Amino acid sequence: MVKAVLFDLGGTLVQTAEVPEIFKRILKVFGIEVSYEKIFEAHEANKAEFDVATGQIRCGMEFWTEFNSRLLRRLGVEDDVEMLAKNITKLWWENADLRFYPDVLEELSWLKTRNIKVGVVTNCLREDYQEILKRLGAACLFDVVVGIDDCKRAKPDKQIFFYALDRLGVKPDEALFVGNELEIDCKGATGAGLKAFFIDRDGKGQNYGNRLTALRDLRRHIL
């Protein structure tokens, strides 16, 4: 019997503008014009150098100042780099076009009407996920929300899933997990004993067995 469904947050429930576009918008506020393509290249180079989840666990929001400073220097920005890096973090969600995917609210409501607990397990910091949920007016929709600084673990570490399940009072074999990253989300949840589903709105993971093209597809695994 399914007693709980846990979801990833970004890319699963919540949609945003593309990361380079968000950077581009914020830089423009400070009079810096950089192309999407250059920001994309700098961001990819940063990701190759930084262990994002581990870095956030270790030093929280200071990590993003370091990350953004390195990206700015890759773009050739040298003046007031630390100040600008902090402002990117500060203005991020204001420029991110936050919104739920169109099917999310209906499916969360459907689960609630069946007394199924719903939660989020995300590799966001608490400060970030709280800001996201506040802007969406969605904090009351979830029975539990767990980020990487809540238990000092990040997906795919199975402990972050256990932490969320413990707070819900649910066993792994009584819960489902839905995410949009095969390695981080699905394999992590499976390793913790949950049945995991890959939400594949863009047709990226046709070879994964438990594949959903829309959240509504989850219903047939619950009824």
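Count of the range 20-38 residues, restricted to those that are within 23 Å of the chain's Cα centre (by Cα), surrounded by fewer than 16 Cβ atoms within 10 Å (Cβ to Cβ) and of a type in the set (A, V, I, L, M, F, W, C), is 0. The lone criterion from (1) out of contact with any Pro (no Cβ under 8 Å at 6 or more places or on another chain); (2) surrounded by 15 or more Cβ atoms within 10 Å (Cβ to Cβ) left unmet by Glu94 is number (2).
Please enumerate the residues belonging to the range 144-167 that are in contact with a strand residue (DSSP E or B) (Cβ under 7 Å, 6 or more places away or on another chain) and either surrounded by 19 or more Cβ atoms within 10 Å (Cβ to Cβ) or aromatic (Phe, Trp, Tyr) (or both).
Val144, Val145, Val146, Lys155, Ile160, Phe161, Tyr163, Ala164, Leu165
Here are Asn180, Asn210: which of them is closer than 22 Å to Thr16 by Cβ, among the polar types (S, T, N, Q) and in contact with a strand residue (DSSP E or B) (Cβ under 8 Å, 6 or more places away or on another chain)? Just a single option satisfies the conditions, and that option is Asn180.
Quick one: in the range 125-137, of everything that is surrounded by fewer than 22 Cβ atoms within 10 Å (Cβ to Cβ) and touching a residue at least 60 places away in the same chain (Cβ under 8 Å), which residue is nearest to Val14 (Cα to Cα)? Give the steps one after another, and end with the answer.
Our first condition is that a residue be surrounded by fewer than 22 Cβ atoms within 10 Å (Cβ to Cβ); within the range 125-137, this holds for 125-127, 130-131, 133-137.
Filter once more, keeping what is touching a residue at least 60 places away in the same chain (Cβ under 8 Å): 125, 127, 136.
Details: Leu125: 15, Glu127: 16, Leu136: 9 Å.
Ranking the qualifying residues of the range 125-137, first place goes to Leu136.
Please count how many residues of the range 180-223 are more than 16 Å from Pro156 (Cβ to Cβ), free of Cβ contacts under 8 Å to residues at least 24 places away in the same chain and part of a strand (DSSP E or B). Here the count works out to 1.
Here, each number is a calculation from the coordinates, and none is a lab measurement. No experiment lies behind these values; they were computed from the predicted model shown. Note that each Cβ is placed from the backbone with ideal geometry, even for glycine, and that neighbours are counted across all protein chains shown.
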